[in-house]
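Asker: Submitted below is the structure of interest, expressed as structure tokens.
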Amino acid sequence: MTRREVALSTNGFMPAEEGDALHAAALRAGTEMPGRPFLEVGSYCGRSTVWLGDAAEQSGTVLFAVDHHRGSEENQAGWEWHDESLVDPAVGLMDTLPHFRHTIWKADLEKVVIGVVGASPLVARHWTTPLAFLFIDGGHGVEPARLDYELWTSHVAVGGYLAIHDVFPDPADGGRPPYEQIYLPALASGRFVDVSATGSLRVLKRVA
Ligand code: SAH
Ligand code: MG
């Protein structure tokens, strides 16, 4: 099984063409900013992580994969994106960590992908290393998205890249927070410019 096949067989929310675009953007970051790590916010079962992990390995760097593995608001019982099989019955909460670990093992990426289990704002507040590539696909509520913008985007090195998933300019296509709380503020800040759009994936480059 190729890594792409592992990614495509993994439970998650990343369409193939967006995963391929994510991979291409991360490879570009790895080439332009050698030595700097990649970081993903929101790994779930590791689907996007495999595309990014492969790009990190090819770039000779590592990928930090941040997730508390308890699911987003929209993954909880009663919500649209809930998967009952991901609930730990002893705890009564979701637990995607075993699935994530299995995926990373299956993709032979254990030497490249570093899982960071914790709340994104808490990890971000202790983070200091400049990043070549930041992928934000965590909580899609207004406050989680706002905090991911506020606390993570300053860690993208100038010349590095910011990718955002589930960006829907038209409300008919999906929820607004990744668009309104991350994508628009990133452009308005003057720090980022648009590089590419594939489905709901947006890739920006840090220029200032
Ligand atoms: N990138 C994944 C999908 C991510 S789904 C894929 O390719 O399939 C969103 C993930 O963000 C969930 O796993 C959820 O646990 C995580 N998440 C949401 N809010 C978070 C927060 N505040 N801190 C850490 N992880 C969070
Ligand atoms: Mg997503």
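FYI, it's all coordinate maths here, none of it is from the lab. These numbers come from a predicted model, not from an experiment. As a convention, Cβ positions derive from the backbone with ideal geometry for all residues, glycine included, and neighbour counts pool all protein chains shown.
Asker: Restricting to bridges with both residues inside the chain, how much of the DSSP beta-bridge set is antiparallel, in percent to the nearest 5?
Answerer: Numbers: 12 of 30 bridges.
Antiparallel: roughly 40 percent of the beta bridges in the chain.
Asker: Here is a further query. In whole Å, what is the distance between the alpha-carbon centres of the stretch 139-192 and the stretch 42-61?
Answerer: 20 Å
Asker: Also: Out of the stretch 52-86, which GluC sites (Glu not before Pro) are coil in DSSP terms and have no more than 14 other C-beta atoms within 10 Å?
Answerer: Details: sites: Glu57, Glu73, Glu74, Glu80, Glu84; in loops: Glu80.
Taking the stretch 52-86 and a limit of 14 other Cβ atoms within 10 Å, the loop GluC sites (Glu not before Pro) found are Glu80.
Asker: Quick one: which residues, 5+ away or cross-chain, put their amide H under 5 Å from the amide H of Ala65? H built at 1.01 Å from N.
Answerer: Glu40, Ile114, Gly115, Val116
Asker: Then there is this: Output wanted: per-residue J couplings in Hz (rounded whole) for the stretch 183-198, from phi through Karplus 6.51 cos²θ - 1.76 cosθ + 1.60, θ = phi - 60°, x for Gly and Pro.
Answerer: 4, 4, x, 4, 5, 5, 5, x, 7, 10, 10, 5, 10, 7, 9, 9
Asker: So what are the ³J(HN,Hα) numbers for the stretch 171-181, from phi and the Karplus equation (6.51, -1.76, 1.60; θ = phi - 60°), rounded to whole Hz, Gly and Pro as x?
Answerer: x, 5, 8, x, x, 8, x, x, 6, 7, 9
Asker: Given the peptides 109-115, 188-194, 87-93, arrange them by the average over their residues of other C-beta atoms within 10 Å, most packed first.
Answerer: On the way: 109-115: 18.4, 188-194: 13.9, 87-93: 10.9.
Taking the mean over residues of other Cβ atoms within 10 Å, the ranking is 109-115, 188-194, 87-93.
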